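Read the structure below first, then the notes.
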Amino acid sequence: MEGVNVDNPQSAGIGRVRAWRRFREKAIETFFLANGLFAVLVLLAIFSMLFTEGWPALKRVPFGEWVMSTEWDPTSPVRESYGILALIVSTLMVSIGALILAVPLGIACAAYIADVAPARVREIVKPVIEILAGIPSVVVGFFGLVVLGPLLAKAFHAGNGLNGVNGSILLAVMALPTIMSVSEDAIVSVPQELKNASLALGATRWQTLMRVTLPAALSGIVASVMLGMGRAIGETMTVLMACGNAPAMPHSFLDPVRTMTATIAIELGETVQGSTHFHSLFVIAFFLFLMTFAVNLVSDIILQRVRKRMGGA
Amino acid sequence: MPNPTNHIELVTRDFSFYYGDFRALTSISMDVERNRVTAFIGPSGCGKSTFLRSLNRMNDIIPGTRVEGKVLLGGVDIYGKDVDVVDLRRKVGMVFQKSNPFPKSIFDNVAYGLRIHGERNPSAVAQRVEESLRAAALWNEVKDRLDKSALDLSGGQQQRLCIARALAVKPEIVLMDEPASALDPLATQKIEELIFELKKEYTIIIVTHNMQQAARVSDATAFFYLGELVEFDETKKIFTNPKEKKTEDYITGRFG
């Protein structure tokens, strides 16, 4: 520290600058905290809005009927019924069907692009698949209505072909780019050293991919699946157009189904504001919210476990 | 050539290596002897690491590379058409400069090589894991926490874990690419003692930047410069009475 004079009058100036910097750091910190709190606040506001709007209907109709009954007929002149079980099952069926198609395909595609394909192929294929994400949902639904529907009708003798499997296929197409793209990023970011270690032990590329690369990328892959699931559960227009919209309990993927989102979209414009029917649609939204919340929570817990098992980092 | 009474493990003849149009190694011919430590020294970019990685064909991963000449292991050219690279790498293990344990438990790290080669019997796996960890002088430090993540170990422990992992599949040769360059002096000393022990059972080839390390651990030393093998002889001779002027200049610190 030669050349520094402790009694230098400038040392007082140094003190002032540090105070200013501390203030600035604090201000930035507060700003980020405020942003985080705002996001939580919005979430709580939506949650409480759904609950208070749904409350009149929840109060009127016994809780058992909501979740146990498969009968959804709020406008019946004889007896109004508010069972949303069929809608919940339809939503889960279409979403899970979509994931069954999209997850293996998406991860395989990601692994191919990240680990196998030459750079040239990667540069072409990845953007092309990502463009899929930009197709408006109404266009995808239209495709289901006029192309996929007739095809399915012919292949399975399934009415007009507007049914659960149609919706699943379309949602899979819509979830695929997300799953593929996010998984690919995760796989690419696995350090080359880990792959080298595996290869140097005499592992084949396949063994390295399955036992080292994919496990190391697992948190990103799970995140991609959750994003895809979120897209599938929440998607409205596509399933509304392609699923046949029969609000009854589906017995197979070839039955026409109506999801929770489609029900809200179809009926909200036609109800009397303030009626039990009106409020019951908020109850559906409330349950939908709980479902996506549960999906996120479970995936978070899984991720935590995975990270713990993999250790640190 | 060094000590002719020992058996020859690995032979290279006129081996050249190209990254695209750039020739990184020129016509290397060398006989590596069994159960000895052979050190590769030379300034950065001299090709010593490239040569090391050629011996288990890890350079295959890099696109646009090409070789000429021969590398014979047990009389078989490892660059021959019908050579199984997977089997080659099982016989010629490798320890990297930067320790690279898998994000798995300590046990699973060492067991990895056994499992990919089809060992299903849990007690056989457990036994080999213990043997390997003992051989890498790590067993006493980790025996009570084999199920803990390998990433919780210190840098030196991680590197010895990587050595144990390489030993688990019973290689004939262990290649070490500056295995101690990222470690503190104490951890380095442990690795060096380990290398001394390991040569009883394995043939070791080590790349090092540290000339004292080469002098301490190796029996034979090869000096590389600009992609050529300048001199290869008994370590004692290289460090006390080198034939080539360049070797002398390098080991006395006149360049490098």
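The values are calculated or read from the model by the stated rules, or taken from the named source; none is laboratory data. Predicted model, so just to flag it, every value in this text is computed and none were measured. Cβ atoms come from the backbone with ideal geometry, glycine included; neighbour counts cover every protein chain shown. Side chains included, ligands, DNA and RNA excluded: accessible areas come from the protein's heavy atoms. Shrake-Rupley method; radii C 1.70, N 1.55, O 1.52, S 1.80 Å.
Considering only the stretch B:163-186, state which residues are open to solvent by less than 20 Å² (accessible area, probe 1.4 Å) and among the aliphatic types (A, V, I, L, M).
Answer for the stretch B:163-186, where residues must be open to solvent by less than 20 Å² (accessible area, probe 1.4 Å) and among the aliphatic types (A, V, I, L, M): B:163, B:164, B:166, B:167, B:168, B:169, B:173, B:174, B:175, B:176, B:180.
Identify all residues within the stretch B:76-93 that are without any contact (Cβ under 8 Å) to a residue 24 or more places away in the chain and either open to solvent by less than 30 Å² (accessible area, probe 1.4 Å) or part of a loop (DSSP other than H, G, I, E, B) (or both); write none if there are none.
Looking only at the stretch B:76-93, we keep the residues that are without any contact (Cβ under 8 Å) to a residue 24 or more places away in the chain, and these are B:76-84, B:86-87.
Selection gives B:78, B:79, B:80, B:81, B:82, B:83, B:84.
Table: residues versus (1) in a helix (DSSP H, G or I); (2) open to solvent by less than 40 Å² (accessible area, probe 1.4 Å); (3) among the β-branched types (Val, Ile, Thr); (4) not assigned by TED's automatic domain parsing to the domain that holds residue A:174.
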| residue | (1), (2), (3), (4) |
| --- | --- |
| A:26 | yes, no, no, yes |
| A:31 | yes, no, no, yes |
| A:38 | yes, no, no, yes |
| A:48 | yes, no, no, yes |
| A:77 | no, no, no, no |
| A:96 | yes, no, yes, no |
| A:99 | yes, yes, no, no |
| A:104 | yes, no, no, no |
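Just to be sure before I move on: is residue A:293 open to solvent by 20 Å² or more (accessible area, probe 1.4 Å), under 21 Å from residue A:246 (Cα atoms) and in a helix (DSSP H, G or I) in the structure I sent? Don't jump to the end; show me each part of the working.
Details: open to solvent by 20 Å² or more (accessible area, probe 1.4 Å): yes; under 21 Å from residue A:246 (Cα atoms): no; in a helix (DSSP H, G or I): yes.
For residue A:293, the condition - open to solvent by 20 Å² or more (accessible area, probe 1.4 Å), under 21 Å from residue A:246 (Cα atoms) and in a helix (DSSP H, G or I) - is not met.
So is residue A:214 farther than 19 Å from residue A:287 by Cα and assigned to a helix (DSSP H, G or I) or not? Steps first, please.
Details: farther than 19 Å from residue A:287 by Cα: yes; assigned to a helix (DSSP H, G or I): yes.
Here the answer is yes, as residue A:214 does meet what is asked.
What pairs can you find where one residue is in the stretch B:138-163 and more than 23 Å from residue B:181 (Cα to Cα) and in contact (Cβ under 8 Å) with a residue 40 or more places away in the chain, the other is open to solvent by 10 Å² or more (accessible area, probe 1.4 Å) and among the hydroxyl-bearing types (Ser, Thr, Tyr), and their Cβ atoms are less than 7 Å apart, with a gap of 6+ or different chains?
B:146/B:105; B:147/B:105; B:148/B:105; B:149/B:105
Please go through the stretch B:141-161 and pick out each residue that is over 17 Å from residue B:198 (Cβ atoms) and more than 12 Å from every other protein chain (Cβ to nearest Cβ).
Going through the stretch B:141-161, the residues over 17 Å from residue B:198 (Cβ atoms) turn out to be B:141-155, B:158.
Hits for the stretch B:141-161 are B:141, B:142, B:143, B:144, B:146, B:154, B:155.
Just wondering, is there one or more residues in the stretch B:110-127 that are within 12 Å of chain A (Cβ to nearest Cβ), in a helix (DSSP H, G or I) and of a type in the set (S, T, N, Q)? Spell out how you get there, then give the answer.
Step one: of the stretch B:110-127, the residues within 12 Å of chain A (Cβ to nearest Cβ) are B:110-118.
Cutting the leftovers down to in a helix (DSSP H, G or I) gives us B:110-116.
Filter once more, keeping what is of a type in the set (S, T, N, Q): none.
No, that holds for no residue.
Inspect the stretch B:103-111 for any residue being surrounded by fewer than 20 Cβ atoms within 10 Å (Cβ to Cβ), at positive phi and not polar (S, T, N, Q) and give the result as yes or no.
no
Can residue B:201 be described as assigned to a helix (DSSP H, G or I) and either under 20 Å from residue B:31 (Cα atoms) or open to solvent by 10 Å² or more (accessible area, probe 1.4 Å) (or both)?
Working: assigned to a helix (DSSP H, G or I): no; either under 20 Å from residue B:31 (Cα atoms) or open to solvent by 10 Å² or more (accessible area, probe 1.4 Å) (or both): yes.
No.
Can you tell which of B:70, B:48 is at pLDDT 90 or above and surrounded by fewer than 18 Cβ atoms within 10 Å (Cβ to Cβ)? Explain how you work it out, then say what you get.
Numbers: B:48 fails: surrounded by fewer than 18 Cβ atoms within 10 Å (Cβ to Cβ).
Only one candidate qualifies: B:70.
Pick from the stretch B:130-140 the residues that are crowded, with 24+ Cβ neighbours inside 10 Å and in a helix (DSSP H, G or I): which of them is nearest to the other protein chains (Cβ to nearest Cβ)?
First pass over the stretch B:130-140, keeping only residues crowded, with 24+ Cβ neighbours inside 10 Å: B:132-133, B:136, B:138.
Those left that are additionally in a helix (DSSP H, G or I): B:132-133.
On the way: B:132: 12, B:133: 16 Å.
Restricting to residues being crowded, with 24+ Cβ neighbours inside 10 Å and in a helix (DSSP H, G or I), the top hit is B:132.
Whether any residue in the stretch A:143-153 is under 17 Å from the mean Cα position of the chain (by Cα) and assigned to a helix (DSSP H, G or I) is what I want to check. Give the steps one after another, and end with the answer.
Start the filter on the stretch A:143-153 by keeping residues that are under 17 Å from the mean Cα position of the chain (by Cα), which leaves none.
Looking through the stretch A:143-153, none of the residues is under 17 Å from the mean Cα position of the chain (by Cα) and assigned to a helix (DSSP H, G or I).
Exactly one condition in (1) of a type in the set (Phe, Trp, Tyr); (2) buried (at least 18 other Cβ atoms within 10 Å of the Cβ); (3) within 14 Å of another protein chain (Cβ to nearest Cβ) is not met by residue A:206; state its number.
(2) is the only condition that residue A:206 fails.
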